[in-house]
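The values are calculated or read from the model by the stated rules, or taken from the named source; none is laboratory data. Here the structure is a predicted model, which means the values were calculated and not measured. When we count neighbours, we look across all protein chains shown, and the Cβ atoms used for this are built from the backbone with ideal geometry, even at glycine.
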Amino acid sequence: MLAASAAAPVDPTPAAAGAAYAVRSLPLPGANDDGIFMDYIAFDPHTGFVWAPAGNTGAVDVVDTATGKVTQISGFPTTEVEVRGRKRTIGPSSATVGDGVVYVGNRADSTVCAVDARSLVRGACGRLDSMPDGLAYVAPTRELWVTTPRDKSVRILDGATLSQKAKLGFDGQPEGFAVDAARGRFYTNLEDKDRTLAIDLKSHQTVATWNPKCGEEGPHGLRIDEKGGLLFVACSARTEALDAGHDGAVLSSVDTGDGVDDLDYAPARHLLYVGAARAGKLTVARVDGRGKLTVVAQVPTREGARNGVVVKDGTVYLAHASTPKSNDLLVVSPTTK
């Protein structure tokens, strides 16, 4: 575990006309000419840390959002795979916040490990027989739900021991995750079927199947507004609000630009944050009580920036897709509170 110095702001970029946001780069340690491959990152509101699994570096980078200091947790396994005819190194790729720990999924060795949220010391690990993708901690049952799309399943792990308790099979590839404790549900998409599923947390039965109509590329990320009964679904170039409290109908949508994967939601502000990697912009959308989405800002970022997480002051940290190459997080901050 190596500490890296805090990064200074790098060439703040003006936001779109009328939008009160500025953009800066936060360099990460361990970079090389291949860039750093990132997927799902996570924000822990209890510590103020952003966790960024940094794939091909074999590390997880932890950002203290109060000081800007980056600490690198090293020593995660990596392996080389062939993707679309090219060699690529993979490693830790996903993180989610649990009870005093942060769980890290690793595609290299199909493990999920618990890391102490404050000391950053690695604890228990569990090994799956399929590569983990998204992770979601389910507080009411103290479980970790893991999407494993390669064999069309979701794995349910004990949150303490990380031993597997159940395997749920589907007729498509699970993509995206959201936990609705108020309704006792876990939501995921079948990306290749263009469907969104509601799964009961106790019986593990699929209790509803909805059609977001995202098209050929299917639905991707999910977030839930438990109080409002709204489920937000990220399509490749737009985001929708579904009526999760009733029949799953699409209540509204906003265009975001192409290249959306995951998204984030700040329930206290009723704001959605959606990074579009191909379009190179961040869309901020307000949600009203009826599920109507309204764009309040579209901030130019850069190609590849996606999968943002929003922290307490409304700042968004964006991970970066594998192409084009990048060695940093992009930080989009409101210039007025």
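Listing for the model above:
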read-out: Every residue from the stretch 121-131 that is over 20 Å from the mean Cα position of the chain (by Cα), assigned to a loop (DSSP other than H, G, I, E, B) and within 18 Å of residue 90 (Cα to Cα); value: 128, 129
read-out: Flag if residue 20 is out of contact with any helix residue (DSSP H, G or I) (no Cβ under 6 Å at 6 or more places or on another chain) and either modelled with pLDDT of 95 or more or surrounded by fewer than 21 Cβ atoms within 10 Å (Cβ to Cβ) (or both); value: yes
read-out: Residue in the stretch 49-56 that is within 15 Å of the chain's Cα centre (by Cα), of a type in the set (Phe, Trp, Tyr) and within 30 Å of residue 202 (Cα to Cα) present; value: yes
read-out: Selection from the stretch 308-337 of residues that are over 13 Å from residue 280 (Cα atoms) and part of a loop (DSSP other than H, G, I, E, B); value: 311, 312, 313, 314, 315, 322, 325, 326, 327, 335, 336, 337
read-out: Lone unmet requirement of (1) small (Gly, Ala, Ser); (2) surrounded by fewer than 24 Cβ atoms within 10 Å (Cβ to Cβ); (3) under 20 Å from residue 154 (Cβ atoms) for residue 236; value: (3)
read-out: Residue that is farthest from the chain's Cα centre (by Cα), among those in the stretch 166-187 that are within 21 Å of residue 227 (Cβ to Cβ) and part of a strand (DSSP E or B); value: 185
read-out: Restricting the stretch 230-246 to residues that are part of a loop (DSSP other than H, G, I, E, B) and touching a residue at least 24 places away in the same chain (Cβ under 8 Å), the residue that is farthest from the chain's Cα centre (by Cα); value: 245
read-out: Top-ranked residue in the stretch 23-58 [being among the acidic types (Asp, Glu) and assigned to a loop (DSSP other than H, G, I, E, B); ranked as farthest from residue 134 (Cα to Cα)]; value: 33
read-out: The stretch 59-93, residues that are under 17 Å from residue 39 (Cβ atoms), among the aliphatic types (A, V, I, L, M) and either out of contact with any Pro (no Cβ under 6 Å at 6 or more places or on another chain) or not in a strand (DSSP E or B) (or both); value: 59, 62, 63, 73, 81, 83, 90
read-out: Residue among 268, 279 that alone is in contact (Cβ under 8 Å) with a residue 40 or more places away in the chain, hydrophobic (A, V, I, L, M, F, W, C), part of a loop (DSSP other than H, G, I, E, B) and more than 15 Å from residue 21 (Cβ to Cβ); value: 279
read-out: In the stretch 247-260, the residues that are without any contact (Cβ under 8 Å) to a residue 60 or more places away in the chain and not polar (S, T, N, Q); value: 247, 248, 249, 250, 251, 254, 255, 257, 258, 260
read-out: Residue list for the stretch 282-295, restricted to those being under 11 Å from residue 232 (Cβ atoms) and part of a loop (DSSP other than H, G, I, E, B); value: 291
read-out: Extreme residue, farthest from residue 146 (Cα to Cα), among residues of the stretch 71-115 that are surrounded by 13 or more Cβ atoms within 10 Å (Cβ to Cβ) and among the charged types (D, E, K, R); value: 88
read-out: Hits in the stretch 141-165 - residues which are of a type in the set (Val, Ile, Thr), part of a strand (DSSP E or B) and either within 12 Å of residue 126 (Cβ to Cβ) or in contact (Cβ under 8 Å) with a residue 40 or more places away in the chain (or both); value: 146, 147, 154, 156
read-out: Residues of the stretch 53-79 satisfying the condition of being touching a helix residue (DSSP H, G or I) at 6+ places or on another chain (Cβ under 9 Å) and either modelled with pLDDT under 95 or not polar (S, T, N, Q) (or both); value: 76
read-out: Candidate set: the stretch 265-293, residues that are within 17 Å of the chain's Cα centre (by Cα) and within 16 Å of residue 228 (Cβ to Cβ); chosen: the one surrounded by the fewest Cβ atoms within 10 Å (Cβ to Cβ); value: 267
read-out: Residue satisfying all of: in the stretch 251-264; among the acidic types (Asp, Glu) and out of contact with any Gly (no Cβ under 9 Å at 6 or more places or on another chain); surrounded by the most Cβ atoms within 10 Å (Cβ to Cβ) among these; value: 258
read-out: Meets criteria (surrounded by fewer than 17 Cβ atoms within 10 Å (Cβ to Cβ) and outside any strand (DSSP E or B)) for residue 118; value: yes
